[in-house]
Amino acid sequence: MDSDICYASARELAGWLRARQVSAVEVVRAHLDRIERINPKVNAIVTLVGEQALDAARAADQRVAAGAEPGPLHGIPMAHKDTHDTAGIRTTYGSPLLARQIPQRDELLIERLHAAGVITVGKTNVPEFGAGSHTVNPIFGATRNPYDLGKSAGGSSGGAAAALACGLQPLADGSDMGGSLRNPASFCNVVGFRPSPGRVPTWPDPYAWGTLTVQGPMARTVADAALLLSVLAGPDPRSPIAIAEPGSIFTGSLDRDLRGLRVAWSPDLGGAVPVDRAVREVLEPAVRVFSELGAVVTEDCPDLSGAEQVFRTLRAWLFALALEPLLAHRDRVKPSLVWNIEQGLALSGRDIAEAEVLHTMLFHRMREFFERYDVLLLPVSQVPPFDVELEYPDTVDGEPMYTYLDWMRSAYFISATGCPALSVPAGFTTAWLPVGLQIVGPHRADHLVLEVGHAFEQATGFGTVRPPIAAG
């Protein structure tokens, strides 16, 4: 019964809970038992509030028994990313400076999850202040890849991705600036979706007009990611960029006939990024699936010139804006984070203005590209999961990587465009390490991207392959 519950899809589980075929207490207890057995091996969940979760599950069961209408995620257990503020529950951002921080209020994303009936069981591991796509920090250590415990789970939503792969929770929340929903999904053989900016409004947010960082869903299937997005999405008066469409647009079917779909495939962004041979060998046959489904696939790439400057400049500016006080404690902060903050402090007004002009030009080139194509396919990550002891890969396909950001360009170039992007399982290397395919759509075409990812997922089934640790 444990395995049936813990690897059921979120949609199945929500249906069982609404029909009272299982209780919220049974579901939460099954997941807590699994966390107790499996989590010590992967270190995905770093703060656990098991008794609090069981109390909340009992209360939820009582409300439904008394005739209350269950929410769309009634009784679903979730641990939240440790950069999302949760009232009364430790939220550390992976930093020793915040190791005892207990927020007084939930942020908007958590408010929406609780309103939908989610039961909070704890927090998932992150890199220090969410910086970097490898989940390790001085408080909790590294999250390990469920498919190979010697490899990275990716980041910054690495704890979330590993927890999903191991059946520790059916849904996960995360955030993405340079790939933090997509890279860990690729590394852990799950689904991660970077929605359009404003699709999931954020609050509180000191940089509320920004579009580089978004929050979004992770799951084991595209349909489950869409279910979670239906709860997270929708307008809120506290966000000036919130999209007016309600989240309910993501509750329907994702079925779509791909015949005639115009697909652009770019294995290396027109030679702009090196890609490990092992990744290419997985993705080339995966892309052929689209032709088999009737899509018209053409190797092509948008003009992404300026994306590097846009992302690096705006990221550094945001780091300086939000994290400059950390420099007073630089001996307790990882060097890469100090470097990125100092990069931001060195920027001039002209630097930021130039980046914003390039940002606008990039938007229009993508708009024109998507007049010719419906979606763009490319690697999520340029490398397969790497050694867990490394901070980041120092080379990709023989080319040196000089900073903790360099190896993530295939993800962060897309961040700079503002386009919605999905990571969906696409196969395994000869070393049995997961590789994700990135599906990118036009401005605000979130539903289209999910439909295309769902069709690919249904045709291939790579996401159903469980890690060996899952049997533990």
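The values are calculated or read from the model by the stated rules, or taken from the named source; none is laboratory data. Nothing here was measured: the structure is a model prediction, and the numbers come from that model. Glycine also receives a Cβ, built like all others from the backbone with ideal geometry; neighbour counts cover every protein chain displayed. Keep in mind that these areas ignore ligands, DNA and RNA; they rest on the heavy atoms of the full protein, side chains included. Shrake-Rupley method; radii C 1.70, N 1.55, O 1.52, S 1.80 Å.
Only four residue types carry charge here, +1 at the Cβ of Lys and Arg and -1 at the Cβ of Asp and Glu. Report the dipole size of the chain about the Cα centre in Debye, rounded to the nearest 20. Let's see the in-between values first.
Working: 40 positive and 53 negative charges, 153 e Å.
Dipole size: approximately 740 debye.
What is the gain in length, in nm to one decimal, between Asp394 and Ala66 on full extension, counting 0.36 nm per residue of separation less the C-alpha to C-alpha distance? Please report the intermediate quantities before stating the final value.
Working: separation 328, 0.36 × 328 = 118.08 nm, distance 5.84 nm.
Length gained between Asp394 and Ala66: 112.2 nm.
Just the number please: accessible area per residue for the stretch 119-219, 1.4 Å probe, all protein chains included, in Å².
Details: 1660 Å² over 101 residues.
That works out to 16 Å² for each residue.
Report the Cα centroid-to-centroid distance between the stretch 234-307 and the stretch 412-461 in angstrom, as an integer.
6
Within the set of other residues whose C-beta is less than 10 Å from the C-beta of Trp407, count the net charge using Lys and Arg as +1 and Asp and Glu as -1. Write down the numbers at each step before the final one.
Working: positive: Arg409; negative: Asp276, Asp394, Glu399, Asp406.
Spelling it out: positives minus negatives among the neighbours equals -3.
Based on the mean of other Cβ atoms within 10 Å per residue, sort peptides 360-371, 72-83 so the most packed one is first.
On the way: 360-371: 15.7, 72-83: 26.9.
Peptide ranking by packing, descending: 72-83, 360-371.
With the full set of protein chains in place, find how many percent of the accessible area of the chain is carbon and sulfur; take the probe as 1.4 Å.
51
Starting from the Cα of Val357, step 7 Å toward the Cβ, then list every residue of the stretch 294-309 with an amide N under 14 Å from that point.
Counting only backbone N, you get 306.
I'd like the Kirkwood hydrodynamic radius of the chain, using the inverse of the mean 1/r over distinct C-alpha pairs, in Å.
Values: mean 1/r = 0.0456 Å⁻¹.
It is 21.9 Å.
Let me check against my output: what whole-number percent is the relative contact order of the chain, with C-alpha pairs under 8 Å and at least 6 apart? Kindly include the intermediate steps, with their values, before the conclusion.
Details: 1117 pairs, mean separation 76.0, N = 472.
Reported relative contact order: 16 percent.
For the pair Glu299 and Glu368, what calculated FRET efficiency results from E = 1/(1 + (r/R0)^6), where r is the Cβ-Cβ distance and R0 = 22 Å, to the nearest 0.05?
On the way: r = 18 Å, r/R0 = 0.83.
That pair, Glu368 with Glu299, gives E of 0.75.
Can you tell me the dipole magnitude for the stretch 212-308 around its Cα centre, using point charges on the Cβ only (Lys, Arg +1; Asp, Glu -1), in Debye to the nearest 20? Could the numbers behind the result be given before it?
Numbers: 8 positive and 14 negative charges, 50 e Å.
The calculation lands at about 240 debye.
For Glu36, put the label point 7 Å out on the Cα→Cβ axis and report which residues of the stretch 121-145 keep their amide N under 17 Å from it.
Only 121-122 pass the distance filter.
At what distance in nm do the modelled label points of Thr251 and Arg332 sit from each other, each positioned 7 Å from its Cα along Cα→Cβ?
Each label point is offset 7 Å from its Cα along the Cβ direction, giving 4.6 nm.
For an R0 of 25 angstrom, estimate the FRET efficiency from the Cβ-Cβ distance between Thr430 and Tyr402 and round to the nearest 0.05.
Numbers: r = 29 Å, r/R0 = 1.15.
The calculated FRET efficiency here is 0.30.
Can you give the percent of C-alpha pairs in the stretch 355-470 whose distance is more than 18 Å? It would help to have the intermediate numbers written out before the result.
Values: 4002 of 6670 pairs.
Cα-Cα pairs in the stretch 355-470 separated by more than 18 Å: 60 percent.
Taking only the alpha-carbon atoms of the stretch 38-173, what semi-axes of the equivalent ellipsoid follow from 5 times the gyration tensor eigenvalues under a square root, in whole Å, largest first?
Working: eigenvalues 144, 55, 26 Å².
Semi-axes, largest first: 27, 17, 12 Å.
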